[in-house]
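**Q** The structure is given below, and queries will be raised subsequently.
The values are calculated or read from the model by the stated rules, or taken from the named source; none is laboratory data. The structure presented is a predicted model; accordingly, all values stated were derived computationally and were not measured. Neighbour counts are summed over all protein chains in view; Cβ atoms, including those assigned to glycine, are modelled from backbone coordinates with ideal geometry. Accessible surface is based on the protein model in full, side chains and every heavy atom, while ligands, DNA and RNA are left aside. Shrake-Rupley method; radii C 1.70, N 1.55, O 1.52, S 1.80 Å.
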2 protein chains.
Amino acid sequence: MEHGGAAAVVTLRGEAELVRRAGDLIASARTEYLCGATDLVTWSAGTNAVFNDGRRPRLRPGPDGLAMRKVYTRQALGDPESERRLARIAASGAQVRISSAPLAREAIVIDGRVAILAGSEARGARTYTVISEPVVVEGVRSLLYAAWEAADDLADCLGAPAARPPVLGEESRAVLAALAAGLTDEAAARRLGMSLRTYRRRVAALMAELGATSRFQAGVLSRRAG
Amino acid sequence: MEHGGAAAVVTLRGEAELVRRAGDLIASARTEYLCGATDLVTWSAGTNAVFNDGRRPRLRPGPDGLAMRKVYTRQALGDPESERRLARIAASGAQVRISSAPLAREAIVIDGRVAILAGSEARGARTYTVISEPVVVEGVRSLLYAAWEAADDLADCLGAPAARPPVLGEESRAVLAALAAGLTDEAAARRLGMSLRTYRRRVAALMAELGATSRFQAGVLSRRAG
DNA sequence: GCCGGGGTGGCACGTTGCTGCCAGCCCGCG
DNA sequence: CGCGGGCTGGCAGCAACGTGCCACCCCGGC
């Protein structure tokens, strides 16, 4: 049972063609605009061009409005400039979240009807694949939505001192594991073969690195970082 | 630029056809078999039939072996029977993780070359869409891999008393928020308008519900549950 | 050798978190 | 009305956590 609707899978080259061929599609979002990317680079040129063309949809958080959901990775929080842009996006009514898992390929799903996947660069122009085959769109949407669900709200990530997780050493990981196992300090220190005093020093250093003021918060933040 | 390779997107009806038409494909996995589903129901009949046909690949955890990665949701931990089956899968060399986000549609990606997405049931037979278009496969793989990355190892979820998160009340959420904000008990109790004693009672109840023995662990578990 | 720096462990003390006990309060029930 | 049950808050005592201080190493430089 081959699928062949000529328009089921279409590959476009470059943002210009994306805007020309799929601009109407993108601007026609009515219920949900779900978008995932590692940072702000990929879609910015293409889709901003579409929306700035005087057809930016009104974002209403209400039940019948368009839900604009964007997931990025921590790389989108890299520099203050990107952070500001993200904050601006969020202020404009979009829901922005930060995923701690990598999103290697950018993806958009519009109203559960159309998916757009970015390919790699080829001859200077990025390719975009527009999919309208329902099963594929639904599959992509469910996966992208899972990433959305698993991600943190931008607001919870902005002030975090550990926006860039500091790549902990081997010992820190062991301490973290002991903490996460629910051991008391005494038991943990014995297991790790260090004195109670030193163990507590390690914990204090970890908490400082995470920016936590209580152990509960440290647990939450440690999981956010992985 | 239409895509047409006749085999780029093929939809199959029912597990029998899946095995007949895509069995070789599934059994030919060499480097990575990445699979996501809400529970053990969907793929079991189809892919088990393929593998039990004497072509189960050898799972080697080494660098050149086949990495069999499976992500399920907490629903796969529903009953002890499913738990045992999951443990058996893990024991056979597959890496099994539990995602706290919903995976509405089942998906497989094989060696980064082929994706198979499950559709909804139609006339008693579930449909399976086999995709070999590289951009689409890569997009699906990156999303599925993100779900894999964000998920917890099965071992960390098996003993958890809160495998089924108990749908906390409004007040419990407020307590959790106060804890996650890093407040001291005193400050949190003031903010929530209750006495220190009562606040600590709430915290103790929460920790019991989560099965945590330390606040750090409670923080970790609370985030695992959402 | 001596010296200084960095990491460690012991000790003491203060803070925070945990819980058993009891008194009070509100409610529904007989 | 009395009575019991459930929830609350205060108190006390204990366990756990956090940290400043100091003595003790181990090392590398002078």
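**Q** If I go through segment A:175-188 residue by residue, how many of them are more than 12 Å from DNA strand C (Cβ to nearest atom) and crowded, with 18+ Cβ neighbours inside 10 Å?
**A** Counting residues in segment A:175-188 that are more than 12 Å from DNA strand C (Cβ to nearest atom) and crowded, with 18+ Cβ neighbours inside 10 Å gives 6.
**Q** Need pairs with beta-carbon distance below 6 Å; first residue under 18 Å from B:V220 (Cα atoms) and more than 13 Å from chain B (Cβ to nearest Cβ) and within segment A:182-211, second away from DNA strand C (no atom under 12 Å from the Cβ) and open to solvent by less than 80 Å² (accessible area, probe 1.4 Å); sequence gap 6+ or separate chains.
**A** Once the first residue is under 18 Å from B:V220 (Cα atoms) and more than 13 Å from chain B (Cβ to nearest Cβ) and sits in segment A:182-211, its partners that are away from DNA strand C (no atom under 12 Å from the Cβ) and open to solvent by less than 80 Å² (accessible area, probe 1.4 Å) give A:E209/A:P166.
**Q** Additional query: For segment A:75-88, how many residues meet the condition of being under 23 Å from A:V109 (Cβ atoms), open to solvent by 40 Å² or more (accessible area, probe 1.4 Å) and in contact (Cβ under 8 Å) with a residue 40 or more places away in the chain?
**A** Total satisfying the criteria: 1.
**Q** At pLDDT 95 or above, within 12 Å of DNA strand D (Cβ to nearest atom), buried (at least 19 other Cβ atoms within 10 Å of the Cβ) and closer than 15 Å to A:A181 by Cα, is that true of B:A212?
**A** Taking the combined requirement at face value, the residue does not satisfy it.
**Q** Also, quick follow-up: Among A:D53, A:D24, which is surrounded by fewer than 18 Cβ atoms within 10 Å (Cβ to Cβ), modelled with pLDDT under 75 and in the same structural domain as A:Q75 (by TED's automatic domain parsing)?
**A** One residue alone meets the criteria, A:D53.
**Q** Within segment A:16-43, which residues are among the β-branched types (V, I, T) and touching a residue at least 60 places away in the same chain (Cβ under 8 Å)?
**A** A:I26, A:T31, A:T38, A:T42
**Q** Given the options B:A104, B:A90, name the one that is in a loop (DSSP other than H, G, I, E, B), at pLDDT 85 or above and either among the hydroxyl-bearing types (S, T, Y) or in the same structural domain as B:A29 (by TED's automatic domain parsing) (or both).
**A** B:A104
**Q** Here is a further query. Mind telling me which of the residues A:S195, A:S222 ends up being open to solvent by less than 40 Å² (accessible area, probe 1.4 Å), out of contact with any Asp or Glu (no Cβ under 6 Å at 6 or more places or on another chain), modelled with pLDDT of 90 or more and not hydrophobic (A, V, I, L, M, F, W, C)?
**A** A:S222
**Q** Give just the number: which of (1) at the interface with chain A (Cβ under 9 Å from one of its Cβ atoms); (2) over 21 Å from B:A16 (Cβ atoms); (3) of a type in the set (A, V, I, L, M) does B:A118 not satisfy?
**A** (2)
**Q** Filter segment B:127-157 for residues that are more than 8 Å from every other protein chain (Cβ to nearest Cβ), among the aliphatic types (A, V, I, L, M) and in a helix (DSSP H, G or I) and give the result.
**A** Within segment B:127-157, B:V137, B:L154, B:A155 qualify.
**Q** Considering only residues of segment A:189-203 that are part of a loop (DSSP other than H, G, I, E, B) and within 6 Å of DNA strand C (Cβ to nearest atom), which is farthest from the chain's Cα centre (by Cα)?
**A** A:S195
**Q** Tell me yes or no: at least one residue of segment B:94-101 is more than 22 Å from A:A115 (Cα to Cα) and of a type in the set (K, R).
**A** yes
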